[in-house]
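In what follows, a single structure is set out as structure tokens and then discussed.
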Amino acid sequence: MNGFDAPKIEYFTVSPILIVLGVAVVGVLIEAFAPRKLRYPVQVGTALVGLAAAFATSVVVFARLNPFAGDVKVGTVVAEGALAADGPAIFCWLLVLVLGALSVLLFAERRLEAGVVGFAGQAAALPGTEAEREASTSGLEHTEVFPLIMFAIGGMLLFPAANDLLTMFVALEVLSLPLYLLCGLARRRRLLSQEAALKYFLLGAFSSGFFVYGIALVYGYAGSMGFAQIAAAVQADGGERGLLLAGIALISVGLLFKVGAAPFHSWTPDVYQGAPTAVTAFMAAATKVAAFGALLRLFYVAFGGNRTDWTPMIWAVAILTMVVGSVLAISQTDIKRMLAYSSIAHAGFILTGFLGIRSLDEVAAGSLTGVSAVLFYLTTYGFTTLAAFAIVTLVRDGGGEATHLARWQGLGKESPLVAGAFAFLLLAMAGIPLTSGFTGKWAVFAAALQVGAWPVVIVAVLMSAVAAYFYVRVIVLMFFSEPVGDGPSVTTPSIMTSVVIGFGVLATLVLGIVPGALIDVLGRVGVFIR
């Protein structure tokens with residue numbers, strides 16, 4: 001009988017993931033055993049403490065890699081090759097944890113919904129039934145949303161660090177399944193919320209099917225699911241090339257679906273509109289970070305030797321995504337749908353930077369690469385969009401959110417501070433100078449130009465001009481249009497939503513004025529190990 005060798009797990013290196021998933025399990029136990037009145041404060045406190053602990057350990061893990069020693073190869077492969085803890089992965093961890101903590105604050109907001117969180121009191125109750133009215137009048141709260149968001153964050157930490165296709169698929173499902181549930185739990189407009197969840201679930205299941213089929217084809221080509229082994233097989237070019245190309249295409253469908261790139265974007269407007277706005281903010285900011293981190297690792301490490309074959313695909317998808325997102329956003333009359341199409345356009349801008357990927361031999365420490373440019377753009381976009389959706393929760397109409405653009409007319413007169421903050425965030429999304437959006441676009445455009453992708457950059461610049469139109473249109477509505485009827489109503493939030501908005505606005509301003517420090521750090525650590 002052969003002996004069994006226990007797998008070697010570097011527990012401290014992967015401790016941020018373990019902490020978040022452990023806190024999620026604790027949250028489930030709290031729901032099972034804690035008195036109902038204590039669940040809300042205990043769940044919120046547990047989630048925030050867990051995210052703070054995971055952030056602190058991520059910083060220590062990052063420091064142990066000695067990222068500023070001058071060597072561009074920063075990181076280590078752990079968990080028997082299943083995970084890679086390198087500069088891009090740990091930066092994604094840090095960013096997801098910060099965005100996740102801010103999202104927990106949005107989830108915990110109670111003042112906007114008359115003392116309860118903005119999630120359905122009883123998810124199983126059919127909309128409009130007596131059971132739903134009973135749950136609403138008795139003030140029931142779905143505090144299960146806190147362990148759900150922790151499970152999603154755990155999957156988002158695992159996703160960009162996955163170093164083989166099987167682990168990447170597990171991470172994809174761990175982050176996706178809680179989001180499917182969260183999208184259907186809105187306290188108001190329940191039917192729209194449930195429809196959004198069903199659409200997201202069905203289309204997400206189809207995209208996962210494409211992903212798994214692609215894994216099978218790549219495995220048939222390389223004989224392994226590990227990224228290093230796939231890269232070696234691609235370099236040797238000894239297998240059936242058709243399997244490799246078909247596998248890359250199918251895996252790309254699954255990942256491009258997650259980032260909301262066209263033509264796999266159809267779920268984005270409906271889900272962003274129907275989901276609770278706090279969930280929309282979390283998905284728009286954190287999911288993009290995790291998904292693009294995984295997309296970068298897969299194409300850089302596993303398929304980097306096959307760059308000439310998949311680059312035309314990324315060119316086409318980037319151009320189509322920018323055009324679809326920017327043009328269709330013009331006709332939107334709902335603020336959440338407009339921001340959804342804006343998110344699609346931004347996915348195209350990020351893919352422009354994705355084209356700036358170069359081989360490891362061409363990268364010098366501190367230089368701007370496609371990886372560092374994309375990570376910087378994800379940082380700027382994450383904080384800006386999270387704060388923008390947080391402001392959307394404040395504008396009310398008859399007790400619910402006023403998402404129709406007509407209800408935003410005259411907002412500048414009703415609340416100059418809220419309207420001013422929202423206008424500043426919209427200008428950042430448009431890429432106006434002295435905002436983080438301008439610096440982020442400059443970074444991805446410069447990275448793409450370095451590898452000769454100037455046609456994509458030209459389209460990106462033109463679509464930036466188109467996108468500026470619908471952002472400025474909202475600003476004009478807020479400050480230069482007369483209110484309709486009684487005008488918009490702005491609810492004063494608690495300190496939690498105020499912190500999210502303040503942090504997002506401050507980050508947008510600071511990264512627009514003094515971006516050099518972060519760009520330099522990303523230039524030094526923004527290289528994947530193999």
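Read-outs: derived from the displayed coordinates by stated rules, not from any lab. Predicted, not measured: the structure shown is a model, and the values here were computed from it. In this analysis, Cβ positions are derived from the backbone assuming ideal geometry, glycine residues included, and neighbour counts consider all displayed protein chains.
Things to note:
- Reduced Cα scattering model of the range 269-364, Debye log10 I(q)/I(0), q = 0.14 Å⁻¹: -0.60
- Sum of side-chain charges, Ile350 neighbourhood, beta-carbon under 11 Å (Lys, Arg +1; Asp, Glu -1): +2
- Crossing angle, helix 454-480 versus the chain [Cα axis fit, 0-90 degrees, rounded to tens]: 10 degrees
- Split the chain at each of the chymotrypsin sites (Phe, Trp or Tyr not before Pro) in a DSSP loop with at most 15 other beta carbon atoms within 10 Å, and the longest piece is 69-530.
- Percentage relative contact order, the chain, counting C-alpha pairs under 8 Å, at least six apart: 17 percent
- Quotient of Cα Rg and 2.2 N^0.38 Å for the range 428-508, N being how many residues it contains: 1.49
- Overall, the range 15-525 carries a charge dipole of about 520 debye about its Cα centre when +1 sits on the Cβ of Lys and Arg and -1 on the Cβ of Asp and Glu, all other atoms neutral.
- Here the 3J(HN,Hα) profile of the range 411-417, calculated from phi with Karplus coefficients 6.51, -1.76 and 1.60 at θ = phi - 60°, is 4, x, 7, 6, 8, x, 5 Hz, Gly and Pro shown as x.
- Under 5 Å, built H, 5+ apart or other chain: amide partners of Arg187: Phe119, Ala120
- For the range 409-463, the extents of the C-alpha atoms along the principal axes are 49, 18, 10 Å, listed from largest to smallest.
- With Cα atoms, 0 to 90° folded angle of helix 36-64 axis to the chain main axis: 30 degrees
- Working note: Cα atoms of the chain, range along each principal axis, descending, whole Å: 69, 59, 42.
- Under 5 Å from the amide H of Arg396 lie the amide H atoms of Ala402, Ser489, Val490, Thr491, each residue being 5 or more positions distant or on a separate chain, with H modelled from the backbone and absent for Pro and chain starts.
- Computed E for Arg64/Val327 - FRET, C-beta separation, R0 51 angstrom, nearest 0.05: 0.60
- A simple spin-label model places the labels of Leu166 and Ala205 2.5 nm from each other, with each point 7 Å out along Cα-to-Cβ.
- Interchain or long-range residues, amide H under 5 Å from Ala79's placed H: Glu10
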